[in-house]
1. Between residue B:261 and residue B:172, how high is the FRET efficiency from 1/(1 + (r/R0)^6) when r is the Cβ-Cβ distance and R₀ = 60 Å? Nearest 0.05.
2. Normalized C-alpha radius of gyration of the stretch B:176-287, against 2.2 N^0.38 Å?
3. Can you tell which of A:59, A:159, A:145 shows the greatest fluctuation in a Gaussian network model of chain A with Cα springs below 10 Å?
4. Can you figure out the FRET efficiency of residue B:188 with residue B:139, using R₀ = 60 Å and their beta-carbon distance, to the nearest 0.05?
5. Where the accessible area of chain B is counted over protein heavy atoms with a 1.4 Å probe, how much of it, in %, is carbon and sulfur?
6. How many square angstrom of accessible surface are buried between A and B, both sides summed, with a 1.4 Å probe and rounding to 100?
7. What is the Cα centroid distance between the stretch A:89-125 and the stretch B:1-75, reported in whole angstrom?
8. So how many Å³ per residue does the convex hull of the Cα atoms of the protein assembly as shown work out to?
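The values are calculated or read from the model by the stated rules, or taken from the named source; none is laboratory data. All figures in this text were calculated on a predicted structure; none of them were measured in a lab. A quick note on method: Cβ atoms are made from the backbone with ideal geometry, for glycine too, and the neighbour counts reach across all protein chains shown. Remember, those area values only see protein heavy atoms, side chains included, never the ligands or the DNA or RNA. Shrake-Rupley method; radii C 1.70, N 1.55, O 1.52, S 1.80 Å.
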Amino acid sequence: MMTGGPMQLNVRINGVAHSLEISPGAVLGDVLRRLGYTGTKMGCREGHCGSCMVLVNGKPFNSCLLLAAKVEGAEVTTIEGLGDVRNPHPVQEAFVEAGAVQCGFCTPGMVLVTKALLEETNHPSEERVREALSGNLCRCPGYVKIFEAVKLAELKLAKRSTNGKAQPGRPSKKSR
Amino acid sequence: MPVTVTDYLRPSSLKEALALLAEDPAKTIAVGGGISVVLSGAPRRVRAVDLQHTGINEIKKTKDELCLGAMASLDDLVKSPLCGKFAGGVLCEGLRTAATEPIRRLITVGGNIVQCYYWATLPPLLIALDGRVHLRSVEHRRTVKASEFFARPPMRQLDRGELITEVSFPLLPKRVAAFEKLAKTSNDYALIHVVVSYVPKRGKVSDARVVVAACTNLPVRCAEVESYLEGQTINFAVAKEAGQLATHHVKLRGDFRASSEYRRRVLPVLVQRALLKAAKKQDDFITNR
Ligand SMILES: Cc1cc2nc3c(=O)[nH]c(=O)nc-3n(C[C@H](O)[C@H](O)[C@H](O)COP(=O)(O)OP(=O)(O)OC[C@H]3O[C@@H](n4cnc5c(N)ncnc54)[C@H](O)[C@@H]3O)c2cc1C
Ligand code: FES
Ligand code: FES
């Protein structure tokens, strides 16, 4: 009893509800890029590089491995959902100020994983930072500046919360 | 993409999932994390049945077993306090070395053991800790010992329309266990896995399990090493001899990641390390009592 053809996917992307027609075997990364969220980079397509990382209900997932059909009802955050040049997110500012960006291909994934990590714990140990970022490869500036950017992001977010500004949006509790 | 998914079905109960699989078992596949569906090289047209909402993701402890639902992810296990306390934490210690954290969020217990790539992390742990695999189809339920389940490729163990619903481990408070992985980076595919476990009896080894994987096509128990260890007190010389014995009795694979010669040189060291680590845990256990 095979029907074939596209299927319906209801998902929130960066806070906006979408009702999409997708191919049943499509991966989330391709669906996002076709919608114009090209900050999600498709590198290896095998789970090795992390450039395709997005947040699903606040947690990092490799969007090249994740069947789009699996995010029905979920909240997906891409790099476009964090901030832009005029209004960057503190984690984005930290990456620029620490010089952790060269070609920028890995940066969306790195920034999103850092955001998720600093929402999980506001003062992660170095071991925890390494574990959380171990699925994200960078071929340009090396990892020292990236780890410095995570530290700087931690300070920026701490300052922001003591200044009474709102914390970046918490992921919804809804499970995938 | 080589696998063409024609329909994507999301049953809301196990019963519904089993019925969907039974309708057309040859053309229907179960989806756990779905990684192999995405990466598979096999050109097929399939109907996908996602098990995400079938309620088989629970991690629970009964009077005498630790039970892991087939849809629990490896990340769920690594972060589970119940798994953390089981067998001195060896399950979490081992699974933490599998892939990266975001990928562990996708890999499911069922998918990991059915696919059973030679580098898979859960299968050798299941064998070394006397695990059992629980299967179900529309018509029947059955339970298979892990050592039997992995004796041939698990995909061939499943009857048509059959699903894994759970794996379980007996609670053996006295068993000590240790895990070793050799890989080029901490989260790369394993070149060798070694898991050892035994019950210490007056300082001596009893009921040993020595499981070797990733350097073999399927995880294997080394019967010769296990009988050599029976009644021994683990020290450097015994652990070294056990390592040497393992290389003589296991057929090692060679592939583009590592040659069989390389694996032959390294395997004894890993067996030795795992045994000494387990013996250290045994000492800590005695001192802390
Ligand atoms: C970069 C990378 C690194 C990795 N490193 C490791 C590693 O170090 N260690 C490790 O163990 N794994 C690792 N993996 C994962 C491993 O390679 C498999 O892809 C994974 O175990 C598949 O799990 P899944 O839940 O996605 O299974 P799926 O892809 O959903 O399913 C796999 C197979 O099992 C069947 N199946 C799924 N669930 C059930 C069920 N409940 N009952 C019956 N059949 C079922 C499916 O039909 C399919 O045939 C890695 C993967 C990647 C991409
Ligand atoms: S593109 Fe997804 S991990 Fe490389
Ligand atoms: S900045 Fe170029 S890959 Fe990281």
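1. My answer for the efficiency is 0.95.
2. Relative to the rule-of-thumb radius for its length, the stretch B:176-287 sits at 1.03.
3. Looking only at A:59, A:159, A:145, the biggest GNM fluctuation is shown by A:159.
4. Computed FRET efficiency for residue B:188 and residue B:139: 0.90.
5. It is 52 percent, rounded to a whole number.
6. By this definition, chains A and B bury close to 2600 Å².
7. 34
8. With only Cα atoms used, the protein assembly as shown gives 160 Å³ per residue.
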